[in-house]
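Notes follow once the structure below has been shown.
Any read-out appearing in this document is the output of simple, stated calculations on the displayed coordinates, not a laboratory observation. Since this is a predicted model, take the numbers as computed values, not measurements. For neighbour counting, all protein chains shown are included, and Cβ atoms are generated from backbone atoms with ideal geometry for every residue, glycine included.
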Amino acid sequence: MTTYAQAESTNESPLIFILILAMLLWGASWISGKLIADLAPASVTVFYRLAIATIGMLPILWLVHRFKVVKLRFSRKALLWSIPAGILLALYNQLFFLGLHDGLPGKGGMLVTTTNPVFTFLLTTLIFRQKIAFLQAVGLALGLTGGLFMIEVWRFDYDQLLATGNAFFIMAALTWAFLALVSQQGTRFADFLLFSTLMYACASVVSYGIAYEHSPLSTMSQYSAFYWQHMLFLSVVVVSIATSVYFLANQQLGASRSSSFIFVVPASAMGLSAWYFSEPLSLPVGFGGLLALAAVYLINSKRV
């Protein structure tokens, strides 16, 4: 006889599989981001990314409605929740790019993906009084340790670790944790596709305000085809598709469990970067990646 836990695990398997694929795409986005990081002001790149992602959601919504893949539902409360979610998404992107500019060189962005699940679990515990199981606590510790190994934290001196840019990374991770909780509430009143579209649209408006001084709409032609090719990948594939999958998981699995899969991102990013840029993959980095993957398994284990 199939137990309830086994049935639940079976039902979740397809979602977990596509969530892992989405995290691999997030990891691949680090390569594209690195290639075009210096080709435009960060605030402009953020605006283009979110605006194109919003437009990219429209054919997805049409196809889903046309072929009735998912029943689209919406209420006014979803619109109200999408406004703070969009503001948080825009703020997260700005903080992340500020951290890249002023924080730890090279691998500093991993501070976001390794502290994000920790912040999400802590906020869920504080706000919703959700208990953290023993294996989940062990998993969080492993994930954080793995992240420190992957950035090889011992290579940086005290002043670098306390640099202002690293505070931006920590603030970005905290912002994403709040975003995960807000979006989880918002998707109670709309399906994840409509809610994601509203959230991306709101984030685009906020990001345009931040990038306004650079006249992003009138200077689009000055950027190369190379820039726009990677921008389409970063926007349509990574945000419209992969990030929307994350918010689906956020709706179905909860903010804490879905955020734990973000530990996959730095591991995949380092592996793909080593392959694409022919960068050497040191033993500590590889060990850190294994710890991060073990963390995902433990956090999502049914045992306590």
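Here are some notes:
- Over all other residues within a Cβ to Cβ distance under 14 Å of Leu194, the charged ones net out to +4, with Lys and Arg as +1 and Asp and Glu as -1.
- Radius, Kirkwood style, for the chain when every pair of distinct Cα atoms is counted (Å): 19.8 Å
- Axial C-alpha extent at least 15 Å, average Kyte-Doolittle at least 0.5 - helices from the chain (DSSP): 4-36, 42-67, 76-102, 110-128, 134-150, 164-186, 192-211, 264-276, 283-299
- Net charge of the neighbourhood of Ala22, taken over other residues with C-beta under 15 Å away and scored Lys/Arg +1, Asp/Glu -1, is 0.
- Length released on extending from Ser215 to Ala294, taking residue separation times 0.36 nm less the Cα-Cα span: 23.9 nm
- Ellipticity estimate at 222 nm from DSSP helix runs (n ≥ 4, -39,500 (n - 2.57)) divided over the chain, nearest 500: -24500 deg cm²/dmol
- As a length-normalised measure over Cα pairs under 8 Å and 6 or more apart, the relative contact order of the range 145-304 settles at 45 percent.
- FRET E, pair Ile132, Phe74, Förster distance 45 Å, beta-carbon r, rounded to 0.05: 0.85
- Ranked packing of 199-208, 11-20, 213-222, 140-149, most packed first, by mean Cβ within 10 Å: 199-208, 140-149, 11-20, 213-222
- Largest GNM mean-square fluctuation among Ala177, Ala274, Ala225, using the chain with Cα springs under 10 Å: Ala225.
- Once exposed loop trypsin sites (Lys or Arg not before Pro) are cut out (DSSP; at most 15 other Cβ, 10 Å), longest piece of the chain: 189-301
- Simple spin-label estimate for Leu21 and Tyr223 gives 2.7 nm between the two label positions (7 Å along the Cα-to-Cβ direction from each Cα).
- Neighbourhood net charge (15 Å Cβ-Cβ; Lys/Arg +1, Asp/Glu -1) for Thr124: +3
- Under a Gaussian network description of the chain, with springs only between Cα atoms under 10 Å, the residue in Val236, Val118, Val138 that fluctuates furthest is Val138.
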